[in-house]
1. Have a look at 47, 113, 231 and report the one farthest towards the positive end of the charge dipole of the chain, computed about the Cα centre with Cβ charges (Lys/Arg +1, Asp/Glu -1).
2. Sequence gap at least 6, Cα distance under 8 Å: using those rules, report the relative contact order of the chain to the nearest whole percent.
3. In debye, nearest 20: dipole of the chain around its Cα centre with unit charges on the Cβ of K, R (+) and D, E (-)?
4. Helix-only mean residue ellipticity at 222 nm, the chain, DSSP H runs n ≥ 4 weighted -39,500 (n - 2.57), per residue, nearest 500. What is it?
5. Nearest 0.05, what FRET efficiency do residue 358 and residue 72 give at R0 = 45 Å with Cβ-Cβ as r?
6. Where a ≥ b ≥ c are the square roots of the eigenvalues of the C-alpha gyration tensor, would you call region 234-330 rounded, which needs a/c under 1.5, or, failing that, prolate if a/b is larger than b/c, or oblate?
7. Report the extension gain between residue 30 and residue 226 in nm, rounded to one decimal, defined as 0.36 nm multiplied by the number of residues separating them, less their alpha carbon distance.
8. Starting from the Cα gyration tensor of region 189-291, multiply each eigenvalue by 5, take the square root, and state the resulting semi-axes largest first in whole Å.
Amino acid sequence: MTGKARSPWVALSALCLGFFMIMVDTTIVNIAVPVILDDLDAGLDDVLWVANAYVLTYAALLITAGRLGDLFGQKRVYLAGLVVFAAASAWCGLADDVGPLIAARAVQGLGAALLTPQTTAFIALLFPRERRGAAYGMWSGVAGLGTITGPLLGGVVVTRYGWEWLFFLNVPVGVVCLVLVAVLVPGHAARRRRGLDLPGIALVSAGLFALAFGLVEGERYGWGTVVGPVTIPGVLVAALVLLGLFAWQQWRSRDPLIPAALLRHRNFVLSNVVVVLVMTSMAGSLLLLTLYLQTALGLSPLRAGLTTAPLSAAFGLVGIFAGRRSDAHNSKSLLLFGLVVYTAGLAATAWVARPEVSPWSLTGPMLVCGVGLGCVFAPMSNLALGQLDRSLAGAASGVYNTTRQVGNVLGNAAFGALLQALFTSRAGRLGPEAAERLPAGARETFTDEVDRTASGGVEATTTAGADVTGELPTRTAERFQDSLTGVLTQGLSEALRLSMLGAAALAACAAVCCLALRRGTSGAG
């Protein structure tokens, strides 16, 4: 250790400030997409890449960044990531065209990837094993707070100051964090061995990038052709081949990116399976909630963010408590309890979510979901990382954070596709029934419009009927539009409720996998 912090909690607080900034940035841009689209006179595909460039780079480089922390020192890599992230944020704010903005967002993803694994690695370096659960609880609380802050802060900043300030705000926060970490966080001796595993870096980065690209962009390309001979299924197959080659290369490597000791640690392997299931369920359910609140209930993005705030607030607050309990009690039991509660909360949300319901009716189920998730992440992180040797901290953190991010991407992709399929099916079933209540001359037009809108996706519901009602008599047009809105709203609500039950089923599967975990034990740090 090259320096000494006054307290490990002070050091962790400084580190979590940068992590908080990263978590906010993963969600804050989405709310500004329409404004960026108008301001830069860009196409929707280009603006979507403003969000996706960050996600793809971030996901692809987490394993490599974790290993870099082991080799060159976690503090150095964290500070390097912080500098890159802050500089790229300034570049984002100054961009006057969508091309430079996309490039800057990719560099932001690089900085975020360098920074994130070091936060969890430092917990193993700063705390003895018997106190790591509480530290993971604080880390989980920061994740929950970042989740709630992103959409709310984004709505306020975009409305009052413009989208550029979503990025400019990162610069002073980054400078403050840089000073705090430099002063308060101790350095640790780097464990340089034979050097970087460059073939492993190339294979895992390319494989994770291809996997994330296929999942993130799949729905936009209809799970078909991207350009020329390149298709989404082809990209996903290439991802699996590259990751398979990476696994083979790691088995043969003398100094692999993922040490073999990690794969022999039962709780680490099983916890990564659990975290994929939990993150897929959580990301999917949050996507479904957002679509339900804004599309089915017609809430503004800001009000939708306020409606989901109880979930994130409970997640953050309970996470801190659960982390402390996971030190003194059985982490496995606490994790299992959290998964059962979370599953029940999702099932209750699916039961309550109907077209005519008040948003306030969702507060109870979302609080239950938040309490459940709060009891999940700290014990899960403690079981995965808390009992590992400190020499494995960086590599383990890189893998664990990559697993979290892959689950996040998979949840958005899988539940987006599931929702679309169910929406098309439900609306197609309801359409002919509603058409029977219209004049005969409008029935075929009505069913065609229902099919066209449903196949166009959830976003097409906002313009449904606009092109056809002008050709109908006034009274018929009013009945046509009311019936169309009713069919689409009911079809979407039914699809959302069934999809939410799918998220609950994944959480239940995670609970079953949890049974195979070994009970947490304390030991010397």
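1. 113
2. Rounded, it is 22 percent for the chain.
3. Computed charge dipole of the chain: roughly 3120 debye.
4. Dividing the helical sum by the residues of the chain leaves -26000 deg cm²/dmol.
5. 0.25
6. The shape class here is oblate.
7. 68.3 nm
8. So the three semi-axes of region 189-291 are 30, 21, 11 Å.
A short reminder: the numbers here are calculations on the coordinates, not readings from a lab. The shown structure was predicted, so the numbers you read here are calculated from the model rather than taken from an experiment. So basically every Cβ, Gly included, is an ideal-geometry build from the backbone, and we count neighbours across all protein chains shown.
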